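Undergrad: For reference, the structure I am asking about is given below.
The values are calculated or read from the model by the stated rules, or taken from the named source; none is laboratory data. Quantities reported herein were computed from a predicted structural model and do not represent experimental measurements. In this analysis, Cβ positions are derived from the backbone assuming ideal geometry, glycine residues included, and neighbour counts consider all displayed protein chains.
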Amino acid sequence: MSTRYISTFEPDRSLGGLSMYQYNHTFWVWIGLIVGLVGQPSSARAQFALPENTEGDVIDPIYAIVDIMTARGNVIDSTRIDCYYRLSNELFNFIKSGEKFVSHYELSLIVKDDKGYQILAETVRDSITVDTEVETQMMDNSRAKMFTTYLPPGKYDLEFKLYDIDSAGQLDMVRSFKVPDYFNKKLSISDIQFAGLVTSEPSTIGLNKRGLTVVPNLTRSYGEEHTELYIYYEIYTDAKADTKKALKTTYKIKSPKGRIILTHEEELERQGPVGAYSMRFDTEDFSQGRYSLEIEVEDKDVRKTAKSKGDFYINWQYLLPLTTAKHFDEIVDQLEYIAERDEIELLKKLKEEPGDEQHNALYDFWKRRDPTPETDQNEFMIMYYRRIEYANSNFRMGLGKGWRSDQGRIYVIFGPPNEVERFTFESATNPYQVWHYNNISRRFVFVDFDGYGRYQLYRVY
């Protein structure tokens with residue numbers, strides 16, 4: 001029996017009972033956000049699950065960055081949802097057009113309630129154009145996308161359906177989120193929005209939120225050249241309009257081990273029933289890892305306190321290999337698919353040398369392969385270790401690392417295939433898979449010879 005993960009998709013444009021107010025206030029924003037930050041570590045990525053009745057293969061979370069912020073809407077029982085997302089170019093099928101590479105796609109976002117009823121569907125058609133073939137395998141850092149809508153409090157699923165117009169392929173993913181009720185409490189705080197910059201000055205990039213310009217940081221990742229962590233949040237209070245009492249605010253940052261490493265208190269000037277605030281933190285001395293930030297606000301006029309919490313990440317770019325390898329030898333081994341023999345020999349000689357010499361050697365190795373040396377990011381390195389991580393998670397063979405398997409090796413070198421055909425048990429054959437790579441006009445056949453899911457490369461044509 002053959003299962004082909006390629007299908008057509010007719011987007012559902014019905015509103016499913018969404019009120020005219022909500023429909024008129026649902027919109028797409030395509031924003032040019034120069035985030036310029038390293039992709040977040042695996043523990044930071046949004047978790048997706050395969051939607052029921054999905055028509056395509058599932059998008060692995062390492063190829064999608066999603067961040068959702070909720071805030072009070074403009075009318076009672078209405079909550080604003082800002083969904084920011086960025087998809088890797090590896091999800092798209094690029095076709096050479098003149099000197100450039102182009103991909104055409106259609107993306108549908110569908111919102112369903114906790115009972116599975118669709119209440120909103122929006123679809124947009126767009127294209128991506130890049131200058132080089134290397135860029136077709138990278139996360140698109142030039143712009144983030146934002147989808148905004150208004151919903152009543154409750155639990156929801158946001159489904160993404162990505163349809164590749166050129167190859168007729170479809171990929172799906174879903175993100176679950178909860179919409180709070182910001183109107184039934186005397187004091188409440190919105191979600192924390194982590195940003196690369198928050199300023200009161202006008203700007204050509206970013207979003208205007210209640211008089212402040214916010215440049216979101218979708219990855220919530222900071223480090224190296226980007227040590228300034230900005231946040232944006234809103235406070236909602238039922239205090240009397242003429243009250244003069246300041247809002248006492250406490251910020252706490254906890255380390256990856258749960259220890260409080262920073263506490264800061266300040267009194268905020270009231271801005272009425274809805275206030276927009278920002279704060280900046282310097283993370284220069286923070287080590288790599290996952291941190292939590294908590295905001296606590298006390299309003300003595302209503303005799304209430306409220307809290308909001310969010311996680312962020314410190315990710316030093318040239319320590320990125322440590323997310324997939326435990327020691328220097330393993331880091332060097334993982335470079336065998338792209339390194340020259342003399343480079344491997346040089347790195348192996350540094351096994352017993354001080355850590356700074358090892359670090360400098362790795363820095364030089366990746367700097368030589370940086371497709372955009374004028375920027376802070378090394379997109380090729382990020383792409384490479386993202387593939388290593390995916391291979392380890394999906395192609396493990398017994399006790400061996402997934403990147404060393406045949407499927408892992410092809411995946412790391414060539415990236416995700418444009419199409420996968422899976423053939424399960426048939427009378428005359430073992431289970432096998434055919435991976436199609438349209439950009440190099442090659443097909444790789446992997447066979448499970450022993451029936452334990454250990455696919456070996458059998459044929460290339």
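Undergrad: Does region 101-110 contain any residue that is farther than 28 Å from Phe380 by Cα, free of Cβ contacts under 8 Å to residues at least 60 places away in the same chain and either crowded, with 18+ Cβ neighbours inside 10 Å or among the acidic types (Asp, Glu) (or both)?
TA: Yes, the conditions are met somewhere in region 101-110.
Undergrad: Take the residues in region 60-98 that are of a type in the set (A, V, I, L, M, F, W, C) and assigned to a helix (DSSP H, G or I), then tell me which one is farthest from Tyr437 (Cα to Cα).
TA: Selected residue: Ile62.
Undergrad: Let me ask something additional. Restricting to region 239-266, name every residue that is modelled with pLDDT of 95 or more and among the charged types (D, E, K, R).
TA: Passing the criteria: Lys248, Lys252, Glu265, Glu266.
Undergrad: Next question, about the same structure. Filter region 279-298 for residues that are free of Cβ contacts under 8 Å to residues at least 40 places away in the same chain, part of a strand (DSSP E or B) and out of contact with any Ser or Thr (no Cβ under 8 Å at 6 or more places or on another chain) and give the result.
TA: Ser292
Undergrad: Sticking with this structure for a sec: Which one is farthest from Ile338 (Cα to Cα), of the residues in region 387-404 that are out of contact with any helix residue (DSSP H, G or I) (no Cβ under 7 Å at 6 or more places or on another chain) and touching a residue at least 12 places away in the same chain (Cβ under 8 Å)?
TA: If we take residues in region 387-404 being out of contact with any helix residue (DSSP H, G or I) (no Cβ under 7 Å at 6 or more places or on another chain) and touching a residue at least 12 places away in the same chain (Cβ under 8 Å), then Gly398 is farthest from Ile338 (Cα to Cα).
Undergrad: State which residue is modelled with the highest pLDDT when the search covers only region 216-233 and only residues that are among the β-branched types (Val, Ile, Thr) and surrounded by 22 or more Cβ atoms within 10 Å (Cβ to Cβ).
TA: If we take residues in region 216-233 being among the β-branched types (Val, Ile, Thr) and surrounded by 22 or more Cβ atoms within 10 Å (Cβ to Cβ), then Ile231 is modelled with the highest pLDDT.
Undergrad: From the set of residues in region 400-420 that are part of a loop (DSSP other than H, G, I, E, B) and among the small types (Gly, Ala, Ser), which is surrounded by the most Cβ atoms within 10 Å (Cβ to Cβ)?
TA: Ser405
Undergrad: Somewhere in region 359-377, is a residue crowded, with 17+ Cβ neighbours inside 10 Å, modelled with pLDDT of 90 or more and out of contact with any helix residue (DSSP H, G or I) (no Cβ under 9 Å at 6 or more places or on another chain)?
TA: no
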